Amino acid sequence: MIGTRGTQAVSGLVGARFGDDWWRRGVVYQIYPRSFADSDGDGTGDLPGIIDHLDHLGRDSLDVDALWLSPIYPSPGLDIGYDVSDHSAIDPLFGTEADFDRLVVQAHRRGIRVILDLVMNHTSDVHPWFQASRRREAPYTDWYIWHDGRGIDRRGRPVPPNDWVSWFGGPAWSFDEVRGQFFHHTFLREQPELDWRVPAVEAAQVAMIRGWLDRGVDGFRLDTFNVFLKHADVLQNPRRRGSTAWARQEHLYDFDQPGLPVLLARLRAAVDAYPGTMTVGEMFVGTTEAAAALTTERHLVFDWELMTRPWSAPAFRAAIRRRARAFTDGRWPTAVLSNHDQPRHASRLASPVPGRALDRDAVARAAALILLTQRGTPFLYYGEELGMGDVVVPLEESIDPPAARVGPDFPWWDRSRSRTPMPWSPGTHAGFTTADRPWLRLGPDTASRNVATQSATPTSVLAAYRRLIAARHGVRALQDGDLTLTRGMPADVLAYRRSSPSDRHDEALIAVAFGPDGADIRLPASRRRGGWHVLAGTEIEPVAPTDGGRRIHLGPLEGVILVADR
Ligand code: GLC
């Protein structure tokens, strides 16, 4: 029922910052539920486990503004929850419906909003909609992308409607014997693609969305949202040169279709009926400019620019410049360094080239300072606040299905490595589970890299995240101010200013020394022609500026947030 949203749940938001603007000014924390905390000893993380650890996200610790839960719906688990068999329910693996409602209430009590991950491009093949559709049962007959093949090949097998390929390797079409037609799948064959051109499909999705909003949910991540529409006539993609089957096609027709903004506007309008909500679209294979083009009010789109850059000041400068050029006219960006599909940034950035390693914790702190001071809503990935790195998972233990298909035409980075359990304390399985075996192995360094140990260590990565988030929350310019790169800095220093367009006093200067030698830098004058002092930094005792607040000497991999002297 629209309009009555969360009379219990939402009013339970206690002391939440920023009002309806939280999606722009706040910090979001991604939880991968299987790996966060196991409360019932079955080796897999669950919702009560998350509730038990909400204090880690709340005011006395990290102090984030929202949490995003990767899928928690019933699923055969072939794509680890991204193959959903009922979008409106909680997978018993994670707990009960009541556990979910309790999680929303408990998060809201701490001023933390809840964002769900909606997988609406495809369903699991065991979803009742697909089962009915393959049997041509009304009203589901045309809910999926069904097509006849192009005849029979020499070995008597049906030929797919076109040569589209799956992102997970192999063809993007599979033949269904029950229906006698091909269905489309950008991902696994067990993830058939819904046909969003069918009005009943959109209506069903909107009804499902309203159901979650009525339960008090504050926003949604839209999984692979730019794939929702494909060309209605499933035209063949033009060929081009490339090293993989996917790269050898110019993807003109299998995603990013012209009707997408109109469809998005309709979805946004449905969500907008519930004030204070947001959506964030996962950009599937797209540039910063494409992400910006699809960004609208209260609809963010993940931009991967920062994530693709190596640890170098010129590379980060170039990324920031490109983002600034793309996200204009009030389009609000995101800032992301890690997620469940990519290598964790602490290990990635700290090993710029094989054989050369930087101090991972120092890189993690400096990267956090950059992430939390960008123009754009920061999204943290669980464990990054500990400087967690990728874990080597043997193929036989991998939980990432495409990893089993690796071959010359299909290179794949095994996503298991960045999805390993969260270490809470020293000791057995790092306090993640009491089971004999966690669902996925833990990292080798959890005896020291865990929440309890880092909480007690003021120089830890966790302590730095707490300081930096607190600094961000205290300065309006760091939340939604403009960003200008500072010129005339040494080559391995990244420096930029965040300033509020309306308040001359509200201004911050960020400087980070990327190199192993640190840097001696002259600070530009503040808007009020004065000097600067340090608000927070990567170090517990950050270096102070000299020369009346006009110079600073940064140590190796040191970063500072400065504010103008009054
Ligand atoms: C998104 C998810 C990824 C999943 C894919 C298919 O890219 O982030 O984990 O495999 O969609 O649903």
Handout entry: Of all residues making up the stretch 86-104, the number that are closer than 17 Å to residue 44 by Cβ and part of a loop (DSSP other than H, G, I, E, B)
Key = 7
Handout entry: Criterion violated by residue 375 - all others in (1) outside any loop (DSSP other than H, G, I, E, B); (2) under 30 Å from residue 481 (Cα atoms); (3) touching a strand residue (DSSP E or B) at 6+ places or on another chain (Cβ under 8 Å) satisfied
Key = (1)
Practice task
Kindly provide the set of residues from the stretch 388-440 that are within 16 Å of the ligand (Cβ to nearest atom) and not in a loop (DSSP other than H, G, I, E, B), ordered by number.
Solution key: 401, 402, 403, 404, 405, 410, 415, 416, 417, 418
Practice task
Please work out which one of (1) closer than 20 Å to residue 545 by Cα; (2) assigned to a helix (DSSP H, G or I) is the condition residue 479 fails and give its number.
Solution key: (1)
Handout entry: Qualifying residue in the stretch 66-85 (condition: away from the ligand (no atom under 16 Å from the Cβ), modelled with pLDDT of 95 or more, assigned to a loop (DSSP other than H, G, I, E, B) and crowded, with 18+ Cβ neighbours inside 10 Å)
Key = no
Fill in the blank from the handout: Considering residues that are in a strand (DSSP E or B) and away from the ligand (no atom under 16 Å from the Cβ), the number found within the stretch 154-173 is 3
Exercise for the section: Given the conditions (1) within 16 Å of the ligand (Cβ to nearest atom); (2) in a strand (DSSP E or B), report the number of the one that residue 497 does not fulfil. Expected result: (1)
Completion exercise
Checking 527, 498 in turn, the sole residue that is touching a residue at least 24 places away in the same chain (Cβ under 8 Å), among the basic types (Lys, Arg), in contact with a Ser or Thr (Cβ under 8 Å, 6 or more places away or on another chain) and buried (at least 17 other Cβ atoms within 10 Å of the Cβ) turns out to be 498
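For every residue, the table says whether it meets (1) of a type in the set (Phe, Trp, Tyr); (2) touching a Leu at 6+ places or on another chain (Cβ under 9 Å); (3) over 20 Å from residue 323 (Cα atoms).
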residue: 345; (1), (2), (3): no, yes, no
residue: 351; (1), (2), (3): no, yes, yes
residue: 354; (1), (2), (3): no, no, yes
residue: 359; (1), (2), (3): no, yes, yes
residue: 369; (1), (2), (3): no, yes, no
residue: 373; (1), (2), (3): no, yes, no
residue: 391; (1), (2), (3): no, yes, yes
residue: 394; (1), (2), (3): no, no, yes
residue: 400; (1), (2), (3): no, no, yes
Handout entry: Single match in 431, 407, 427 (criterion: more than 22 Å from the chain's Cα centre (by Cα), within 30 Å of residue 165 (Cβ to Cβ) and not aliphatic (A, V, I, L, M))
Key = 407
Practice task
Can you tell me which residue within the stretch 311-358, out of those that are within 16 Å of the ligand (Cβ to nearest atom) and in a loop (DSSP other than H, G, I, E, B), is nearest to the chain's Cα centre (by Cα)?
Solution key: 339
Practice task
Kindly list the number of the only condition in (1) touching a residue at least 60 places away in the same chain (Cβ under 8 Å); (2) touching a strand residue (DSSP E or B) at 6+ places or on another chain (Cβ under 7 Å) that fails for residue 336.
Solution key: (1)
Fill in the blank from the handout: Expected single match for free of Cβ contacts under 8 Å to residues at least 12 places away in the same chain and of a type outside the set (S, T, N, Q) among 256, 329, 303, 341 is 329
Practice task
Give the residue that is farthest from residue 513 (Cα to Cα), with candidates limited to residues of the stretch 536-566 that are in contact with a Pro (Cβ under 9 Å, 6 or more places away or on another chain), assigned to a loop (DSSP other than H, G, I, E, B) and among the hydrophobic types (A, V, I, L, M, F, W, C).
Solution key: 540
Practice task
List every residue pair whose Cβ atoms sit under 7 Å apart, with the two residues 6 or more apart in sequence or on different chains, where the first one lies in the stretch 216-239 and is within 13 Å of the ligand (Cβ to nearest atom) and the second, anywhere, is among the acidic types (Asp, Glu).
Solution key: 221/117; 221/282; 222/282; 223/117; 223/282; 224/282; 225/282; 226/256
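Out of 447, 430, 456, I need the residue that is of a type in the set (A, V, I, L, M) and without any contact (Cβ under 8 Å) to a residue 12 or more places away in the chain. Which one? Break it down into steps so the answer makes sense when it comes.
On the way: 447 fails: without any contact (Cβ under 8 Å) to a residue 12 or more places away in the chain; 430 fails: without any contact (Cβ under 8 Å) to a residue 12 or more places away in the chain.
Answer to the selection: 456.
When you look at residue 505, is it surrounded by fewer than 19 Cβ atoms within 10 Å (Cβ to Cβ) and outside any loop (DSSP other than H, G, I, E, B), yes or no? Don't jump to the end; show me each part of the working.
Values: surrounded by fewer than 19 Cβ atoms within 10 Å (Cβ to Cβ): yes; outside any loop (DSSP other than H, G, I, E, B): no.
No; evaluated as a whole, the condition is false for this residue.
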Exercise for the section: Sort out which residues of the stretch 308-326 are touching a Pro at 6+ places or on another chain (Cβ under 9 Å) and free of Cβ contacts under 8 Å to residues at least 40 places away in the same chain, and write them in order of number. Expected result: 326
Exercise for the section: Output the qualifying pairs, or none if there are none: Cβ atoms under 7 angstrom, residues six or more apart or on different chains, first residue in the stretch 275-293 and at positive phi, second residue crowded, with 20+ Cβ neighbours inside 10 Å. Expected result: 276/218
Handout entry: Condition met for residue 183 (of a type in the set (Phe, Trp, Tyr), within 16 Å of the ligand (Cβ to nearest atom) and part of a loop (DSSP other than H, G, I, E, B))
Key = no
Practice task
Return the only residue of 113, 197, 150, 136 being more than 30 Å from residue 250 (Cα to Cα), surrounded by fewer than 17 Cβ atoms within 10 Å (Cβ to Cβ) and either at pLDDT 95 or above or within 16 Å of the ligand (Cβ to nearest atom) (or both).
Solution key: 136
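The values are calculated or read from the model by the stated rules, or taken from the named source; none is laboratory data. All values reported here derive from a predicted model rather than from experimental measurement. As a convention, Cβ positions derive from the backbone with ideal geometry for all residues, glycine included, and neighbour counts pool all protein chains shown.
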